[in-house]
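Undergrad: There's a structure below that I have some questions on.
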Amino acid sequence: MRRDIFQAIADPTRRAIMVLIALQAMSPSAIADHFNMSRQAISKHMKILTECELVKAAHQGREVYYQLEINKMKEIDIWLEQFRKIWETSFNQLDNLLATIKKTEK
């Protein structure tokens with residue numbers, strides 16, 4: 001089953017994993033050390049993140065290291081941008097309203 005990136009980031013553990021490996025590639029064991037769950041559970045999360053191309057695995061000898069795929073994160077950012085524009089417009093309108101109210105109170 002092919003998942004999309006929004007299904008992947010819907011889970012708080014996967015989001016925490018992404019934050020954890022954002023600055024440094026880590027092995028599944030190192031990732032599992034940061035969570036109160038089995039390495040098998042971490043492997044399932046890593047599989048989903050890998051399927052969605054949010055992380056990529058790099059083999060170094062026998063060890064596998066996962067790192068965040070920053071370019072794929074742009075898809076999330078592009079999707080969120082439409083909401084940023086809506087929020088900014090709403091905040092600007094609120095600022096204008098508050099300024100008008102302050103002027104009328106004087």
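Undergrad: Assess whether Ile21 counts as being at pLDDT 95 or above and hydrophobic (A, V, I, L, M, F, W, C).
TA: Numbers: at pLDDT 95 or above: yes; hydrophobic (A, V, I, L, M, F, W, C): yes.
Judged against the criteria, Ile21 is a match.
Undergrad: What tally of residues in segment 23-43 results from selecting those that are surrounded by fewer than 13 Cβ atoms within 10 Å (Cβ to Cβ) and within 27 Å of Trp79 (Cβ to Cβ)?
TA: 2
Undergrad: How many residues, within segment 67-106, are of a type outside the set (Lys, Arg) and touching a Leu at 6+ places or on another chain (Cβ under 8 Å)? I'd like the intermediate steps shown before the answer.
TA: Restricting attention to segment 67-106, the residues satisfying the condition of being of a type outside the set (Lys, Arg) are 67-71, 73, 75-83, 86-101, 104-105.
Adding the requirement that they be touching a Leu at 6+ places or on another chain (Cβ under 8 Å) leaves 68-69, 73.
Total satisfying the criteria: 3.
Undergrad: For segment 44-74, what are the residues that are within 17 Å of Asp11 (Cβ to Cβ), surrounded by 14 or more Cβ atoms within 10 Å (Cβ to Cβ) and in contact with a helix residue (DSSP H, G or I) (Cβ under 7 Å, 6 or more places away or on another chain)?
TA: Of everything in segment 44-74, those that are within 17 Å of Asp11 (Cβ to Cβ), surrounded by 14 or more Cβ atoms within 10 Å (Cβ to Cβ) and in contact with a helix residue (DSSP H, G or I) (Cβ under 7 Å, 6 or more places away or on another chain) turn out to be His45, Met46, Ile48, Leu49, Cys52, Leu54, Val55, Tyr66, Leu68, Lys72.
The values are calculated or read from the model by the stated rules, or taken from the named source; none is laboratory data. Source: prediction; values computed, not measured. Positions of Cβ are generated from backbone atoms using ideal geometry, with glycine treated the same way; all protein chains shown enter the neighbour counts.
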